Amino acid sequence: MTDRAEADTVAFEIIDRVAWVSFNRPEKRNCMSPKLNRRMMEVLDELEHSPDVGVLVLTGEGTAWTAGMDLKEYFRDTEAQGLGGSRKAQRESYGWWRRLRWYQKPTIAMVNGWCFGGGYGPLFACDLAFAAEDAQFGLSEINWGILPGGGAAKVATELTSFRRAMYHSLMGENIDGKTAVEWGFVNEALPLDQLKARVSEVANVLLKKNPVALKATKDAIRRVREMTYDNAEDYLLRAQEAANSYDNEGRKEGIKQFIDDKTYKPGLGAYDL
Ligand code: ACO
């Protein structure tokens, strides 16, 4: 298949409040074309505030999670349209990664295979990440003559040490899923045939947490990384007050079940929603 329709570049299904979203160009190792980037934004839009969805998982069809940007359709074809063409393609890709970074629902990257270059954008955008042990992660930009742009260099330095980020991006060598855990790219690595079960398990835990607290928490963890201690303290105070203002009932229920009903302990699990 050479020309997959835009609508087919992303697949998704909702099962028990988990949205399983897939890069769906397996014949092109799920590399990100402008069509795929536009379609992904539409899919994220459709799922974000749906009451049927509590957690979003991003995975890939076939042997790849994503082979990064489509060197032909994203780079060569858009560059042929001049600077305006490149900028439009960049807005479309960076746009959905940013949308995913601040998504309303918790997100999990389920990295089933290849993950290259531009793929580091959505990898970092997902709140949690689980990989197949045999998945391969690479900043291959250096291998075809560019720097790790589109946020990839930033992601590497956010997730791993300076020395590792430098080696990874200068050498163009891949690391496997287990090394990706050691480097901090992903939470866990598992044999491929156990990956989906583990991600389902994690998603099901998240589904039982207070959704307002989940959104406030994921944003807090991302925001405070760039703040001084005092600024973080202040931000967190205000973020909690803002969350309280539209989640009075959930929080009060959490306190009640612990203090009055004694039906759970917050240190050991979540209250019944
Ligand atoms: N851009 C455009 N086409 C791609 C890309 C890509 N990033 N990745 C794979 N494809 C295409 C191939 O050209 C091939 O197309 P064809 O069937 O029309 O010939 C098809 O997908 C299958 O790819 P193969 O290379 O045959 O698959 P294989 O499983 O042998 O190898 C691998 C997989 C290692 C991922 C290889 O495809 C590859 O190196 N891809 C490029 C990875 C990369 O460096 N991406 C860019 C990162 S930098 C950035 O994103 C800014």
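Peptides 225-231, 170-176 ranked from most to least packed give 170-176, 225-231, packing being the mean of other C-beta atoms within 10 angstrom over each peptide's residues.
Compute the length gained on full extension between Asp176 and Asp134: take 0.36 nm times their separation in residues and subtract their Cα-Cα distance, giving the result in nm to one decimal.
That pair, Asp176 and Asp134, stretches by 14.6 nm at full extension.
Our note on the geometry: Cα centres of the range 219-238 and the range 37-94, 30 Å apart.
Applying 1/(1 + (r/R0)^6) with r as the Cβ-Cβ distance of Asp234 and Lys88 and R0 = 41 angstrom yields a FRET efficiency of 0.60.
Expected output is a single nm value to one decimal: the length gained when fully extending between Ala270 and Lys208, i.e. 0.36 nm times separation in residues minus the C-alpha distance. What is it? Write down the numbers at each step before the final one.
Numbers: separation 62, 0.36 × 62 = 22.32 nm, distance 0.71 nm.
Here the answer is 21.6 nm.
Here the contact order of the chain, divided by its residue count and restricted to Cα pairs under 8 Å and six or more residues apart, works out to 14 percent.
Given springs between every Cα pair under 10 Å in a Gaussian network model of the chain, which of Ala129, Ala232, Ala67 has the largest fluctuation? Result: Ala232 has the largest fluctuation of those listed. When the chain is treated as a GNM with alpha-carbon contacts under 10 Å, the residue of Phe258, Phe23, Phe75 showing the greatest mean-square fluctuation is Phe258. If R0 is taken as 25 Å, the Cβ-Cβ distance between Arg163 and Ile221 corresponds to a FRET efficiency of 0.55. GNM remark for the chain: springs join alpha carbons under 10 Å apart, and the peak mean-square fluctuation among Gly54, Gly85, Gly184 falls on Gly85. With a threshold of 22 Å on the Cα-Cα distance, the over-threshold entries among Lys208/Lys252; Lys154/Lys209; Lys105/Lys256; Lys105/Lys209 are Lys154/Lys209; Lys105/Lys256. Here the range 172-271 is described by how far its Cα atoms reach on the three principal axes: 52, 36, 20 Å, from widest to narrowest. Distance between the pseudo-spin-label points of Arg98 and Leu71 (7 Å out from Cα toward the beta carbon): 2.9 nm. Expressed as an acute angle from 0 to 90° and rounded to the nearest 10, what is the orientation of the C-alpha long axis of helix 248-259 relative to the principal long axis of the chain? Orientation of helix 248-259: about 60 degrees from the principal axis. Applying 1/(1 + (r/R0)^6) with R0 = 51 Å to the Cβ-Cβ distance of Asp16 and Leu147, what FRET efficiency is obtained, to the nearest 0.05? Approximately 0.75, to the nearest 0.05. Gain on full extension, evaluated as 0.36 nm per residue between Glu253 and Asp3 minus their Cα-Cα distance, stands at 84.8 nm. Students often get this wrong: which residues of the range 125-141 have the backbone nitrogen under 13 Å from the point 7 angstrom along Cα-to-C-beta of Thr63? Inside the label zone: 135-136. Once you have a ≥ b ≥ c as the square roots of the Cα gyration tensor eigenvalues for the range 67-108, tell me rounded if a/c is under 1.5, and otherwise prolate or oblate according to whether a/b is larger than b/c. Taking the square roots of the gyration eigenvalues as a ≥ b ≥ c, the range 67-108 is oblate.
Each value in this text was obtained by applying a stated rule to the coordinates, not by laboratory testing. Bear in mind that the values here come from a model prediction, so they are computed numbers and not experimental data. Please note: Cβ atoms are built from the backbone with ideal geometry, for glycine as well, and neighbour counts cover all protein chains shown.
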